[in-house]
Amino acid sequence: MLVLIQLIMEAKNIHYSNEKTRGLLQQKAIKELNEDPARLDEHLLHIRKWLEKQPHLSVRSDDHTLLTFLRGCKWSLQRAKEKIDYFWTIHSFLPDLYLDRDPYEETMQRILRNRVLYPLPNPVRPDGPRILYLNLKRIDFASMPLFDLIKLFLMCVDVLLQEDENFIISGMIIMYNGGDLPLSYLLQFTPDLMKKIIISLENAYPIRIKELIWMNCSSAVEKIFNHICIPLMSKKLASRLHLITEENTENAYEYVPLTFFPEELGGTNGLFPKVADDWKMKMESKKEWFLEEWKYGANEKLRPCTSKLYSEEFGMEGTFRKLNLD
């Protein structure tokens, strides 16, 4: 059955630097994700039979996508089914984030051309997590709204879930290069938007977030995280958030060795700008794949049990104290 998993990976054009890396990742999937290659056919069949009984769902159901959800749920069939349902429900609840995702759209192109967002080429160890890097210092704040940056970020996550075994099995490290953000941009970090992105990443996506590292963190950004973002996070995710000021940069190396940092932050992980430009071409090559997503989602009118309500998933409970960002 290991051969079947290999064939699924090859069908999605997933390539490894060598056979040793393939073996390391497969062993990690077995050890950490409870993967049982001998039962793969059985599990895929079970999920497909379940999908046939879910009239409200229209989903991608190829072998690779279903295997990714199994891995993201540590091979729990029940959790995988719940996450598949929630993933596509979120798509329907948040069409502004998940529909009309065209990498050639004007704002998406500006972000890609400015080389703001891209995965770094070398994972942390051959079988380690992938680093997704956001260089906020390269943002044109007047023409690249935070909402569009988040939309492109989620598009990048979707591509990595399709093609990157390190990302799927070992998870991701999100690394920001921050600095001073203008007040006009800070005000875009609203509780509503932060709740949407945090719920999407924690509850809907079949991913493992290993670390969240914000380099060159300003006091204003720290306040936003402490008063808006952290209260919305699970305790596990909050414990993996590291706000690193310019004065204590070396603290970040406890979580990621310096050699795996991008060039702009003193590391050697990829040649800039080539690594960013290569990723731009990768995203552009996925245009048709993204634009097909109008076919998928959840129709709450057809859900056989109690329908989910937008207000239940994204209603803001409680209050947030007014922040002084000066």
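The values are calculated or read from the model by the stated rules, or taken from the named source; none is laboratory data. Since this is a predicted model, take the numbers as computed values, not measurements. When we count neighbours, we look across all protein chains shown, and the Cβ atoms used for this are built from the backbone with ideal geometry, even at glycine. Heads up: the accessible areas ignore ligands, DNA and RNA and are worked out on the full protein's heavy atoms, side chains in. Shrake-Rupley method; radii C 1.70, N 1.55, O 1.52, S 1.80 Å.
Remind me, what semi-axes does the range 104-151 give for its equivalent ellipsoid, largest first in whole Å, using sqrt of 5 times each Cα gyration tensor eigenvalue?
Three semi-axes, in Å: 25, 10, 9.
Set the bar at 28 Å for Cα to Cα. Now go through 49/210; 81/295; 223/286; 49/235 and name every pair that lies beyond it.
49/210; 223/286; 49/235
Sort 272, 93 from largest to smallest accessible area, using a 1.4 Å probe on the heavy atoms of the protein chains.
The most accessible residue leads, giving 272, 93.
Stretch residue 125-residue 76 to full length: gain in nm at 0.36 nm per residue minus the Cα-Cα span?
Gain on stretching residue 125 to residue 76: 15.0 nm.
Give the Rg/Rh ratio for the chain, taking Rg as the radius of gyration of the Cα atoms and Rh as the Kirkwood radius, to two decimals.
0.95
Over the chain, what is the relative contact order in percent, taking alpha-carbon pairs closer than 8 angstrom and at least six residues apart?
Across the chain, relative contact order equals 23 percent.
Could you pull out every whole DSSP H run in the chain that spans at least 20 Å of Cα extent along its own axis and averages 0.5 or higher on the Kyte-Doolittle scale?
TM-like helix candidates: 146-163.
When averaged across all projection directions, what area in nm² does the alpha-carbon convex hull of the range 17-80 cover?
Averaging across all directions leaves 4.8 nm² for the Cα convex hull.
Can you check what the net charge comes to around residue 121, using other residues whose Cβ is under 10 Å from the Cβ of residue 121 (Lys, Arg +1; Asp, Glu -1)?
Around residue 121, the surrounding residues sum to +1.
Mind checking which aspartates and glutamates have their Cα closer than 18 Å to the Cα of residue 195? Skip sequence neighbours fewer than 8 apart in that chain.
96, 148, 222, 312, 313, 317
Given Cβ point charges of +1 (Lys, Arg) and -1 (Asp, Glu) and nothing else, what value in debye, to the nearest 20, does the dipole of the chain about its Cα centre take?
Using Cβ point charges on Lys, Arg, Asp and Glu, the chain gives about 660 debye.
Using the heavy atoms of the protein chains and a 1.4 angstrom probe, tell me the accessible area per residue for the range 202-256 in square angstrom.
Averaged over the residues of the range 202-256, the accessible area is 46 Å².
When we measure straight from the Cα of residue 274, which aspartates and glutamates land under 20 angstrom away, once same-chain ones fewer than 8 places off are left out?
Hits, sequence-local ones excluded: 163, 164, 263, 264, 284.
So how strong a dipole does the range 84-185 carry about its Cα centre when Lys and Arg Cβ are +1 and Asp and Glu Cβ are -1, to the nearest 20 debye?
With only Lys, Arg, Asp and Glu charged at Cβ, the dipole is about 460 debye.
For residue 287, go through the aspartates and glutamates and keep the ones whose alpha-carbon is under 14 Å away, minus same-chain ones fewer than eight residues off.
Straight-distance partners of residue 287: 100, 102, 105, 106, 158.
Residues of the range 160-185 with backbone nitrogen within less than 20 Å of a virtual label 7 Å along the Cα-to-Cβ line of residue 18, please, listed as ranges.
From the range 160-185, the list is 165-167.
How big is the range 178-264 along each principal axis, measuring the range of its Cα positions in Å and listing the largest first?
Computed over the range 178-264, the largest-to-smallest principal extents equal 34, 33, 21 Å.
Run the numbers for residue 237 and residue 109: contour at 0.36 nm per residue of separation, minus the present Cα-Cα distance, in nm.
43.0 nm
For the range 228-285 and the range 112-179, compute the distance between their C-alpha centroids and round to whole Å.
A separation of 8 Å, based on Cα centres.
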